[in-house]
Amino acid sequence: MAGTLYITATPIGNLGDVTLRALETLRSVGIIACEDTRVTRKLLARYDIRAELVSYHEHNARESGEVIVSRLLAGESAALVSDAGTPVVSDPGESLVALCRESGVPVCAIPGPCAAVSALALSGLPAGRFCFEGFLSMAKKSRREHLESLVSERRTMVFYEAPHKLLATLADFARVFGGERRAVICRELTKLHEETLCLTLDGALAHFTETPPRGEFTLVIDGAAPPPAVETRDALELARAAVAAGVSPRDAARQAAQSTGVSRREIYNQLTMNN
Ligand code: SAM
């Protein structure tokens with residue numbers, strides 16, 4: 001019988017942020033697939049865990065993934081960890097999970113820290129619906145396309161960014177979303193210099209122009225404001241006035257729809273509902 005692949009979340013800074021279940025899992029599996037063995041060894045040393053580490057990162061994902069899956073199929077169990085947080089979320093692991101699914105290898109999540117979720121929770125911005133946008137590409141075309149696709153995004157947006165690219169990204173955000181848009185900048189979450197700044201995009205640009213960005217950043221950006229709603233009631237009033245002046249209900253609905261943008265069918269239905 002195949003072993004299980006455990007997708008195991010690890011701390012995003014503070015080594016205390018590891019769950020009991022993650023520790024039990026890391027202690028019990030045959031192998032731990034990890035991005036940078038030096039980073040994972042630090043965590044294991046802190047909790048006195050000895051395990052075989054197998055390197056799994058974006059540059060060897062294919063070959064290493066095949067080796068890991070063949071060991072899982074042979075009955076060993078494995079944990080997948082990344083350098084920080086939840087594997088697969090802007091981290092390697094997606095193709096390994098897909099390969100396990102194709103091969104019938106059971107996959108189990110051991111949930112825990114994720115910078116995007118902590119930043120969203122800290123932001124105070126609407127969190128009922130949000131979208132995770134990861135890193136913006138540095139390639140001009142895909143960066144522009146990514147940003148353009150978000151111009152009318154109403155949900156709160158969460159981005160990851162490296163410190164040396166932060167200013168350019170804030171400048172692009174201000175250009176595309178407007179400088180007045182609310183932006184919550186979470187820096188070094190769970191670490192000594194943790195900081196959460198609730199600003200506007202222009203304010204964030206001014207702040208980080210003055211104070212050069214250092215550390216790890218997660219950005220939470222408010223969604224676009226809804227377009228000003230033209231009340232159906234207003235459109236209906238226009239149509240009623242037209243009917244009173246002798247225009248047929250059909251034409252009155254069409255004219256009111258044209259001048260307000262409210263659906264013609266909706267106006268017509270309401271206009272004729274009580275007749
Ligand atoms: N898988 C990870 C997770 O679940 O959060 C994210 C990995 S991604 C390669 C690394 C990015 O996450 C960083 O560049 C930064 O944008 C964000 N990040 C990670 N740790 C952070 C922290 N302590 N504070 C703020 N952002 C952090």
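Any residue at all in the range 224-246 that's modelled with pLDDT of 95 or more and of a type in the set (Asp, Glu)? So far as the range 224-246 goes, no, none of its residues is modelled with pLDDT of 95 or more and of a type in the set (Asp, Glu). Can you name the residue in the range 118-136 that is within 14 Å of the ligand (Cβ to nearest atom) and assigned to a loop (DSSP other than H, G, I, E, B) and is also surrounded by the fewest Cβ atoms within 10 Å (Cβ to Cβ) among such residues? The qualifying residue surrounded by the fewest Cβ atoms within 10 Å (Cβ to Cβ) is Phe135. Just one residue in the set Phe177, Phe130, Phe208 is at pLDDT 95 or above and within 20 Å of Ser90 (Cα to Cα); that residue is Phe130. The number of residues in the range 217-227 that are within 15 Å of Val184 (Cβ to Cβ) and surrounded by fewer than 20 Cβ atoms within 10 Å (Cβ to Cβ) comes to 0.
For every residue, the table says whether it meets (1) among the small types (Gly, Ala, Ser); (2) touching a helix residue (DSSP H, G or I) at 6+ places or on another chain (Cβ under 7 Å).
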residue	(1), (2)
Ile12	no, yes
Thr25	no, no
Val29	no, no
Thr37	no, no
Ala45	yes, no
Ile49	no, yes
Leu53	no, yes
Gly65	yes, yes
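Inside the range 159-170, residues that are exposed (fewer than 15 other Cβ atoms within 10 Å of the Cβ), touching a residue at least 12 places away in the same chain (Cβ under 8 Å), hydrophobic (A, V, I, L, M, F, W, C) and more than 15 Å from Glu133 (Cβ to Cβ) make up a count of 0. The condition of being modelled with pLDDT of 95 or more, more than 16 Å from the chain's Cα centre (by Cα), in the same structural domain as His207 (by TED's automatic domain parsing) and not aliphatic (A, V, I, L, M) does not hold for Glu153. Taking the range 1-117 as the region of interest, the strands (runs of 3 or more DSSP E) fully inside it that hold 3 or more residues being under 25 Å from the mean Cα position of the chain (by Cα), surrounded by 18 or more Cβ atoms within 10 Å (Cβ to Cβ) and modelled with pLDDT of 95 or more are 5-8.
The values are calculated or read from the model by the stated rules, or taken from the named source; none is laboratory data. Here the structure is a predicted model, which is why all the values come from computation and not from measurement. We place every Cβ from the backbone using ideal geometry, glycine too, and count neighbours over all the protein chains shown.
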